[in-house]
Amino acid sequence: MRLQPSAPADISSIVQIIEAAKAHLAFLKIDQWQNGYPNKEQIENDVTNNESYVVLNNEQTIIATAMFTIHPEPTYKIIEGKWLVPESETYGVIHRLAIGKEYKNSGIATFVLKSFHQQLLNKNIKSLKIDTHEDNHEMQSLIKKLGYVYCGIIFTDYNAKRLAFEKVIF
């Protein structure tokens, strides 16, 4: 299994994984990703900006995807709470993490997050921030297990409430 930057040829596979994740969230009655976001245009933008990643299994099939950047997240400037590391310092951000439905609960999300932790360590960046829906207990459980700390509430650019978490990387 390996994590690598996405290529334009990966977009249709990424969209399929995202659509399956949307269906899973809807099944759980979580309204996250139920308003047309993320969509193909967003994925294409992530790929163009070199902020999209895929996980390939040993057969070279795309089994997971995530957006990862060290550019500031505009919606993180205002938080009802407090970040561990000031927002003014460089930090990593993860969005749009999705695992293929047949690969859920197999450690892939942990692999992805730990890979991004290592990328940040290699760049001497000590913070990784992420947000999720208050009802997305699967994601909350994962990030808490990996040492992320709840920092407060942020609002997306479409005014959706999200729980904000941060991990200080050593």
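The values are calculated or read from the model by the stated rules, or taken from the named source; none is laboratory data. What you see is a predicted model, and the numbers here were worked out from it, not measured in a lab. Positions of Cβ are backbone-derived with ideal geometry, glycine not excepted, and every protein chain shown enters the neighbour counts. Only protein heavy atoms, including side chains, enter the accessible area calculation; ligands, DNA and RNA are left aside. Shrake-Rupley method; radii C 1.70, N 1.55, O 1.52, S 1.80 Å.
Tabulated data
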| item | result |
| --- | --- |
| Protection-proxy order for peptides 32-44, 71-83, each taking the mean of Cβ atoms within 10 Å per residue, highest first | 32-44, 71-83 |
| Partner aspartates and glutamates for residue 144 [C-alpha distance under 20 Å; skip if fewer than 8 residues away on the same chain] | 80, 131, 134, 135, 166 |
| Prolate/oblate/rounded call for the range 76-170, Cα gyration tensor, a/c under 1.5 rounded | oblate |
| Unsatisfied cross-links (Cα-Cα over 23 Å) in the set 82/126; 104/126; 104/161; 22/77 | 104/126; 104/161; 22/77 |
| Partner lysines for residue 123 [C-alpha distance under 16 Å; skip if fewer than 8 residues away on the same chain] | 114, 167 |
| Heavy-atom accessible area per residue - the chain, 1.4 Å, Å² | 52 Å² |
| Within the accessible area of the chain (1.4 Å probe), percent carbon and sulfur | 51 percent |
| Cα shape, the range 84-124, gyration tensor, a/c 1.5 rule | prolate |
| The range 1-85: radius of gyration over Cα atoms, expressed as a fraction of 2.2 N^0.38 Å | 1.23 |
